[in-house]
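Colleague: Following this message is one structure expressed as structure tokens.
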Amino acid sequence: MQQGCNQWRHCAVSKVVLSAQDVRKRYHLGSKELSVLQGVDFDLHKGEFVALQGASGSGKSTLLQLLGGLDRVSSGSILFDGSPLRLQTAAQAAQFRGKHVGFVFQAYHLLPDLDALENVMLPAQIQSESQLEVRAKELLDKVGLRDRMGHRPSELSGGEQQRVAIARSLMNKPRIVLADEPTGNLDSTTEGEIIELLKQLHEDRQLTLLVATHDEEVAKAAQRVVRLKDGKVC
Ligand code: ADP
Ligand code: MG
């Protein structure tokens, strides 16, 4: 684990995939305004594994949602491959997410009526059914669930459900994977297994991975840690 971009030896030369520039986010609740992000500057480089830390309520999930096109900034810019994200319509946002971003959530977000294989295949775009199934099976194999493909979420442990969610996040060969507290619902043994899986996927597939986490073990596994405090990255 290394602290800060200037100590990461590839920083100067590697490509920035995703960038937040003076990003601010305010939420309005009735007449009250809550200023969560107050000028966040942050670069995610191709192939990096970065942990995003910060106290509960510091805005980690908010930042992930903005970076992944799930929500819009109040001001500032998100750049993807050097160009500002254009998310004027829901369709534009959905297209950006579907093509470029894999999401992993704390509570897995699997569809209960679909089995593991169907859940992994769900986000897939423009491929024949058979190609799709081959890829989903390869991913489930990769996350160690070759013999659980026909199981529904209720027939899987928490760790197994998170493996399915991780396989699903990779289905469209995303340029970046954003994970929000992926180990937050897991016991410590399973947590270690999921961290190991993320690490392994990062190494084998040169994934670009940003993980919001409270978990010190995730932070240790990452190449770089960035912290959110008082609405900024420090
Ligand atoms: P973290 O993930 O670091 O715990 P969040 O990004 O979830 O933090 O939340 C940051 C702050 O923004 C919290 O005070 C939270 O209550 C508030 N917040 C998050 N989402 C919304 C929303 N949709 N509307 C209003 N306030 C929100
Ligand atoms: Mg959060």
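Colleague: With the checklist (1) part of a helix (DSSP H, G or I); (2) on the phi > 0 side of the Ramachandran plot in hand, flag the one item residue 190 doesn't pass.
Modeller: Here residue 190 clears every test but (2).
Colleague: With respect to residue 198, determine if the residue is at pLDDT 95 or above and not in a helix (DSSP H, G or I).
Modeller: So residue 198 fails the test.
Colleague: So, one more: From the list 34, 87, 117, which residue is of a type outside the set (S, T, N, Q) and either within 15 Å of ligand 1 (Cβ to nearest atom) or closer than 20 Å to residue 219 by Cα (or both)?
Modeller: Within the list 34, 87, 117, the selection yields 34.
Colleague: Which count do you get for residues in the range 24-73 that are within 18 Å of the chain's Cα centre (by Cα), more than 13 Å from ligand 2 (Cβ to nearest atom) and of a type in the set (Lys, Arg)?
Modeller: 2
Colleague: Output the residues belonging to the range 51-105 that are touching a helix residue (DSSP H, G or I) at 6+ places or on another chain (Cβ under 7 Å), without any contact (Cβ under 8 Å) to a residue 24 or more places away in the chain and of a type in the set (A, V, I, L, M, F, W, C).
Modeller: Hits for the range 51-105 are 85, 87.
Colleague: In addition: Say whether the condition of being under 16 Å from the mean Cα position of the chain (by Cα), assigned to a helix (DSSP H, G or I) and more than 16 Å from ligand 1 (Cβ to nearest atom) is met by at least one residue in the range 218-228.
Modeller: Within the range 218-228, one or more residues are under 16 Å from the mean Cα position of the chain (by Cα), assigned to a helix (DSSP H, G or I) and more than 16 Å from ligand 1 (Cβ to nearest atom).
Colleague: Can you pull out the residues in the range 105-144 that are among the small types (Gly, Ala, Ser), over 23 Å from residue 183 (Cβ atoms) and surrounded by 13 or more Cβ atoms within 10 Å (Cβ to Cβ)?
Modeller: Within the range 105-144, 124, 136 qualify.
The values are calculated or read from the model by the stated rules, or taken from the named source; none is laboratory data. No experiment lies behind these values; they were computed from the predicted model shown. No Cβ is skipped: glycine too gets one built from the backbone with ideal geometry, and neighbour counts run over all protein chains shown.
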